[in-house]
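Okay, structure first, notes after.
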Amino acid sequence: MADRLDPSHPASAASAREALLARTPGVIEPGHTFGSVTDRIASIVLTHRTPIGWFFGFAVAFMFLMILNLTIIKLLFTGIGIWGNNIPVGWAFDIINFVWWIGIGHAGTLISAILLLFRQQWRTSINRFAEAMTLFAVACAAMFPLLHTGRPWLAAYWLLPYPNTMQLWPQFRSPLIWDVFAVTTYFTVSLLFWFTGLIPDLATLRDAAQSKFARTVFGVLALGWRGSARHWQRYETIYLLLAGLSTPLVLSVHTVVSFDFAVSQLPGWHATIFPPYFVAGAIYSGFAMVMTLAIPMRAAFGLEGFITMRHIHNMTKIMLVTGMIVAYGYVNEAFFAWYSGNLYEEFMMSNRMTGPYAFFYWSLISINALMIQLFWFRGVRDNIPLLFVLSLMVNVGMWLERFIIIVTSLHRDFLPSSWDMYVPTRWDFGMFTGTIGLFLALFFLFVRLLPAISIFEMRTVVPEAKLRTEHH
């Protein structure tokens, strides 16, 4: 009996492993085999019958996308005067939405790169569509700085330092130029990382496809993948290398975005806490968007066996941690304004709390600092419909945070004679809702045309499913 109680005893170790399996949900449901994983995920792409729900969802997204096109045409022919921007609030919906979309894209790289380096198996079911979400979010974000110039066809000319012609321009001491390099690098590395992970699955679809056209397309995209030992060795090397490159980008990109505000002298922006505060908020909103997409997708395509409660629980825990960091940032903002003794900082904080935009400030506090406390409770983490609603609310709260940071610091600055209210126009809302349509349309196409869950990575966790099956 003493030997049985010894943790180093084989029987005791086996009992501990069985107890652990019984307590924690798996990253894949029991009963799956290599073949069933491949067939289930590939069937979503290779089926000839697209679900009616997919057509309905894509139609709604496409309708919003047409609103975006209409808004852009109006903007190009009329100018940015169609927006609600005015003299004190020169940055408004365009920079609000830019920061919001960039933040949403952070969860994809975090799930893919950092969790891969830490060998977290639970990332395998959600990393593929989270990476795609990153690319679509960055594409939506990049539209706003370009269109804010009013003449985007000249933006590239004025941003690139041509020899002899543009030696004194652009201004490399401006964080806006840093944004250009940070966001383009982030998008490029994320695209390479996403496509590299797709290559083995594209070869699987090539071999499983029935039509000649599908075999040709997937064959070209698979780059001649045959699954040889040399192919796998090179694949793992480049995948790990890209994961290492992507990891600092998660921290650097939103840090650079926060410098747009932190390096200024404006009260409410001039704060050293902005870089970690923005990064935590980006991961927070990014995981909320992953949850928003994962919950309906697993229900629509019957993927509950792959996106299990283990993934849902882990995502809510990460949202809880990052949400608490964001709430800590809110407390620090108020504390710094008081402790500094700076009249302008104190006025800025008072204006946020009691000024004309106070409703939006207390709304974001209620969502991002108070509502997030619900994730402490297991009953909430197990309630899928409630989690979907809460994830949507987190996205709203993080958008309101960017609105408060930008508008309340600009509309009442150092000079009272220049104070003015900012009121968004229908074209502001049209641009914002249009980018949501673009994001959802791209995501619907991705889910239908490419495997939203990594086939070969899910096959690596099949032994755990077999172990759970034997245990049950």
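The values are calculated or read from the model by the stated rules, or taken from the named source; none is laboratory data. What you are looking at is a predicted structure, and each value in this text was computed from that prediction instead of being measured. FYI the Cβ positions are ideal-geometry reconstructions off the backbone, even for glycines, and counts take in every protein chain you see. Remember, those area values only see protein heavy atoms, side chains included, never the ligands or the DNA or RNA. Shrake-Rupley method; radii C 1.70, N 1.55, O 1.52, S 1.80 Å.
Residue 389 satisfies every condition listed in (1) within 18 Å of the chain's Cα centre (by Cα); (2) closer than 23 Å to residue 307 by Cβ; (3) open to solvent by less than 70 Å² (accessible area, probe 1.4 Å) except (3). Condition (residue is surrounded by fewer than 23 Cβ atoms within 10 Å (Cβ to Cβ), of a type in the set (S, T, N, Q) and in contact (Cβ under 8 Å) with a residue 40 or more places away in the chain) applied to segment 287-294: is it met by at least one residue? Yes - at least one qualifying residue is present in segment 287-294.
Could you list all residues from segment 224-247 that are farther than 30 Å from residue 174 by Cβ, open to solvent by less than 60 Å² (accessible area, probe 1.4 Å) and aliphatic (A, V, I, L, M)? 243, the sole residue that qualifies. The C-beta contact set for segment 225-240 (first residue without any contact (Cβ under 8 Å) to a residue 12 or more places away in the chain, second residue surrounded by 14 or more Cβ atoms within 10 Å (Cβ to Cβ), distance under 7 angstrom, 6+ apart or interchain) comprises 231/225.
Consider segment 67-91 and keep the residues that are touching a residue at least 40 places away in the same chain (Cβ under 8 Å) and open to solvent by 80 Å² or more (accessible area, probe 1.4 Å). The one that is farthest from residue 433 (Cα to Cα) is 87.
A residue that is open to solvent by 20 Å² or more (accessible area, probe 1.4 Å), in a loop (DSSP other than H, G, I, E, B) and touching a Lys or Arg at 6+ places or on another chain (Cβ under 7 Å) can be found somewhere in segment 296-311.
Within segment 36-54, one or more residues are modelled with pLDDT of 85 or more and within 30 Å of residue 427 (Cα to Cα).
Residues of segment 453-462 that are open to solvent by less than 10 Å² (accessible area, probe 1.4 Å) and assigned to a loop (DSSP other than H, G, I, E, B): 453, 454, 461. Which of the residues belonging to segment 110-130 are under 19 Å from residue 245 (Cα atoms), open to solvent by 10 Å² or more (accessible area, probe 1.4 Å) and in a helix (DSSP H, G or I)? Passing the criteria: 110, 114, 115, 116, 117. Has segment 404-427 got any residue that is closer than 19 Å to residue 65 by Cβ, in contact (Cβ under 8 Å) with a residue 60 or more places away in the chain, touching a helix residue (DSSP H, G or I) at 6+ places or on another chain (Cβ under 6 Å) and β-branched (Val, Ile, Thr)? No, that holds for no residue.
Give segment 367-384 a look and list any residue that's in a helix (DSSP H, G or I), touching a helix residue (DSSP H, G or I) at 6+ places or on another chain (Cβ under 8 Å) and open to solvent by 60 Å² or more (accessible area, probe 1.4 Å), or say none. Those that are in a helix (DSSP H, G or I), touching a helix residue (DSSP H, G or I) at 6+ places or on another chain (Cβ under 8 Å) and open to solvent by 60 Å² or more (accessible area, probe 1.4 Å): 374, 376.
Working only within segment 94-116, note down all residues that are among the hydrophobic types (A, V, I, L, M, F, W, C) and more than 8 Å from the chain's Cα centre (by Cα). Matches in segment 94-116: 95, 96, 98, 99, 100, 110, 111, 113, 114, 115, 116. Scanning segment 385-435 for residues that are β-branched (Val, Ile, Thr), in a helix (DSSP H, G or I) and under 22 Å from residue 144 (Cβ atoms) gives 394, 396, 404, 405, 406, 407, 408, 433, 435. Please determine whether any residue of segment 29-49 is on the phi > 0 side of the Ramachandran plot and open to solvent by 50 Å² or more (accessible area, probe 1.4 Å). The answer is yes, given that some residue of segment 29-49 is on the phi > 0 side of the Ramachandran plot and open to solvent by 50 Å² or more (accessible area, probe 1.4 Å). Which residue, of 250, 220, 256, 279, is in a helix (DSSP H, G or I) and open to solvent by 30 Å² or more (accessible area, probe 1.4 Å)? Matching residue, one of 250, 220, 256, 279: 220.
Let's see how each residue does on (1) surrounded by 11 or more Cβ atoms within 10 Å (Cβ to Cβ); (2) assigned to a loop (DSSP other than H, G, I, E, B); (3) modelled with pLDDT of 80 or more; (4) acidic (Asp, Glu):
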site: 158; (1), (2), (3), (4): yes, no, no, no
site: 164; (1), (2), (3), (4): no, yes, no, no
site: 167; (1), (2), (3), (4): no, yes, no, no
site: 178; (1), (2), (3), (4): yes, no, yes, no
site: 181; (1), (2), (3), (4): yes, no, yes, no
site: 186; (1), (2), (3), (4): yes, no, yes, no
site: 189; (1), (2), (3), (4): yes, no, yes, no
site: 192; (1), (2), (3), (4): yes, no, yes, no
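The residues in segment 315-355 that are open to solvent by less than 60 Å² (accessible area, probe 1.4 Å) and not in a helix (DSSP H, G or I) can be counted, and the count is 2.
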